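Below is one structure, written out as structure tokens, with a few remarks after it.
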Amino acid sequence: MSFTGLSPMFTTDKLVETIEFYTQLLGFTCESYEEEWGWASLQKDGVHIMFNTPNAHLPFEKPHWTGSLYFYTNNIQELWSKLESYPNICYPLEAFDYGMREFAIYDNNGYLLKFGQTLDAQP
């Protein structure tokens, strides 16, 4: 038995706004949107994320998650140049001793998104 993939699913009460955030700001494509189900699947370059609206099986007051999503990129500088004026930055682009150059922002729900590239892969 083996796992063949991972698609995190996050709850939001702003599904349309979330789709717009990921497609317009980060370049994801909305593969599927089911308004009746309150569900959407987004993808970019082999990265898949799903979002759903609250339902009777899951108590929901506001989005919460204690972790972050870490996106690896092949051009951190280009991505930072595009997002550096985004108003909800957690920390700006910097190089870290553990070998990554990265930055982090919060999405429209407050979920933490980190973007990084290994220092040895920098142009």
Amide H contacts under 5 Å for Phe71, restricted to residues at least 5 apart in sequence or on another chain and with H modeled in the peptide plane, are Lys114, Phe115, Gly116
If each K or R counts +1 and each D or E counts -1, the residues other than Asn109 whose Cβ falls under 14 Å of its Cβ total -3
Length gained if Lys82 through His64 is fully extended, taking 0.36 nm per residue and subtracting the Cα-Cα distance, is 3.9 nm
If each K or R counts +1 and each D or E counts -1, the residues other than Glu61 whose Cβ falls under 15 Å of its Cβ total +1
If unit charges are put on Cβ atoms (+1 for Lys and Arg, -1 for Asp and Glu) and the dipole of the chain is taken about its Cα centre, the option from His57, Met9, Met100 lying farthest towards the positive end turns out to be Met100
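The numbers here are math on the coordinates, done by the rules we state, and not lab data. Since the structure is predicted, the reported quantities are computational estimates derived from the model, not experimental observations. Because the Cβ atoms are built from the backbone with ideal geometry, glycine has one as well, and the counts that use them run over all protein chains shown.
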